[in-house]
Structure formats: C-alpha cells, structure tokens
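What follows is a set of notes on a single structure, which appears directly below.
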C-alpha cells in the first residue's frame, strides 16, 4: 500500500533529521469530512423517496394479491359451469337441454371474460411495479456513478501529494501514515462501489427482461379477451337461431333434427357419387407415417364424442355416412369455443354449405394445407376467423365452434386428409335443386385417422 506513494528513502531520512523536533507532537486523528447541509438535504430526500416508493409497492402488491384471490374464485366457478355443461350435453337431445347447454356456455364465456379482465388488471399492476423498480435502480446507478467518480477524484488528488509536501509543511510521520491508510480505505471503498454498480446493472437487466415478458403476456391476454367476447356473441347467436327455428317448441326441435338427418343422407350420396368420378388418388409416400404429435389438438380442452371409421354410431346408422364410416373425429365443443389450427400451414379455402343446402354436410368449414403432406378440416363452425390463402401458425385461431350443417348439437368435426388425394371442389346438390356445394373432397384412401397424428393421451 505504501509503495504506491513511490517515496524515496532519502526523503524519509530528511524527515527524521529535520522533523524530529516535531515528532514529539501528539498524533493527530485524521479528520472526518462532515456532511454538508446540501448533502444532508439530498440524503433525507432520497430516504423519504425510498419510503414513498416502498409504500406504493406494498399497496400495489396488496391489490395484486386481492385480484389473484378473485381470479381463483372465477376459475372455480368456470370449472363448475363446465362440469354442469358436460352433464347437460350428455343428456338426451331435447330442446330444453339444448337451450340449457347454450345458457351454461354463455355464462361460462362471460365468466371467462371477467377472469381475463382481472388477469389483465394484475398484469398492468405487475408491470407498473417493475417500471417503478427500474426507475429506482436507474437512479441508484446514477448515484453510484457519481460516488465512484468522486472517490476517483479524491484518490487522484491524494496520489499527487508527495511525502515531501507533507514534510515541508511541518507534518509528522504519524500524519503521513494516516494519509496512507486513508488512501487504502478509499481504494477499498472504490472497489465496493464498483461491485455495487455491477450488481445494480444486473438487477436492471433482469427487471427489464421480466417487464418485457409480462408485456407479452398482457398482449396475449388482451387477444384472448377479444376471442372470448366473440365466443359469447357466437353462442348467443346460436341460441337465438335455435329459438327462432323451433319456435321454442320441443316438437319443432325434433322435426329439425329429423330434417338434418334426412338432408345428411342425401348429401352423403351426392358426395360419394361425385368423389368416385373425380379420379383422385393418393400418391404413395406423399404423407407421413402414423406418429403421435405430428398434429396438435385443435381445442384447448379435449373431449372426444365420436372416433374415426366404423364407430358405434356410424354402424347403427349406415345411411348417414353411406356405409363408409365416420371420416373424421368429433369433439365436444360448446358454441363459441375457440378452434385452433393443428399445425402451421396455408388456408386453402373456407365455406358454408348451409348457404347451398341448410342442415346438410359441414356447415361453416375451414380447410388448411400443411407442410408435411397432410391437410386438416374444421367443420360445423359458428364463425370463421381466417380467409383463403392466409398463412396460419400452429395453435392460432381458426374460428369458433357451432352447430352449422349436419349437427344435432354444437361440436367440432375434425378431419385429416392426405393432401395429394384431396382438393376443394364443387358439385350439385340433389336435395336443393339448382344449388352447388363447394367443399373439401378426397379419394377414399385420402381420409386418414386423426388419432394417428394427434398427441398421445
């Protein structure tokens, strides 16, 4: 430490010769710099500001905790509504059960809107807290920089004070060593301040990263809120349509179901006749071998109501599928439920068979071509959120579930096709004379079992 002063031994000898008489002086205690009024005022202001910030953060955290309790309560209520909804849809199909199911779905979606709004409020407060911490840390970094600069200036000034200046000024050997100790103390203080500055910068980067993550979460919640509100609109529209069609009478409801079954039978005959004349064929090796996880589930919550192929329903009702079995999978999906793309791809087309011949076929549908030789169909939608030619990512919104086309209750029909053996085509309807269907069609071998590609359960 003392060598850093670079003092020759000759100067030390001069001190012993000429300063001996003064060596008997009482040792002086190094003076401690007193806090100036300005420094005191600044320190007190910083302390008061810190107390105010701490109180604000505590209040915000209390609000966040309260909101989180409300969020949990809403989640519990939504789970109970979903449970009741599942029980209702499992009952015999009656007008009363259909209306009740729509009522429960609307309640669930409205609760979901409230839940998401609460989650958005919490995220706003969390981001506000982080923004306050970021500002505080930036202020501390600024103060630390000033302190480091001040210490450096003191060290530079003391390093320039050679021992000879101290001696000629009448100083003692003790005062010289006191100065050396002070320099060492200042160097240690400088090192600590530099380390503190590094820690503050690390904390600042962590807070900024966390704030950015929460902003992305907030954007996702706001987008989800829009989807949920659209879902409520779709469910209410389905309920209104059902009441208009049935005039709120059970007999009219049963007539509507019977009409849908009859229209579906005619449609299946039209479709099979047309597909047999197309000459489509699946190219060998053009689509992947069966493997779970190639496609994602098209819903957030999965409950299968009918499988692919010769299911119990298709076997007992061979006329409905023209004896060929079910060409896709059906999922329970109350009106207004979000329907998601099972894989990224290009929307080949969208349509609505009800515009050609009500109650038959797919109703509102979306057909997506993927990058691996597979294409997927999403049918019976209440509304469509994409358009032909659009790129879409895995898990992105396709539309909302509904009860359009041949559907005796809200659900999603999900189909998987070998792209090489399928296309969107038009063909005439025999039940609705003079009308033409436009929809996905395919070779018999192009219809694939979705479970061959969806995630393992």
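Rule-based calculations on the coordinates, nothing more; no lab input. As the structure is a prediction and not an experimental result, all values here were calculated from the model. Cβ placement follows ideal geometry from the backbone for every residue including glycine, while neighbour counts extend to all protein chains displayed.
Report the full-extension gain for the segment residue 394 to residue 50: residue separation times 0.36 nm, less the Cα-Cα distance, to one decimal in nm.
119.2 nm is the gain from fully extending residue 394 to residue 50.
Would you compute, for the Cα atoms of segment 249-452, the largest minus smallest coordinate along each principal axis and list the three values in descending order, in whole Å?
Projected onto the principal axes, the Cα atoms of segment 249-452 cover 46, 37, 33 Å.
Find how much the distance from residue 245 to residue 219 grows on full extension, using 0.36 nm per residue of separation minus their present alpha carbon separation; answer in nm with one decimal.
Gain on stretching residue 245 to residue 219: 5.4 nm.
Suppose R0 equals 30 Å. What FRET efficiency, 1/(1 + (r/R0)^6) with r the Cβ-Cβ distance, do residue 237 and residue 86 give to the nearest 0.05?
0.85
Using only alpha carbon pairs under 8 Å that are at least six residues apart, calculate the relative contact order of segment 249-452 and give it in whole percent.
About 26 percent, as a whole number.
FRET efficiency for residue 292 and residue 124, Cβ-Cβ distance as r, R0 = 56 Å, nearest 0.05?
So the FRET efficiency works out to roughly 0.90.
At 7 Å along the Cα-to-beta-carbon direction for both residue 445 and residue 303, put a label point, then send me their distance in nm to one decimal.
3.8 nm
Once you put a point 7 Å from the Cα of residue 256 and another 7 Å from the Cα of residue 277, both along the Cβ direction, what distance in nm separates them?
3.4 nm
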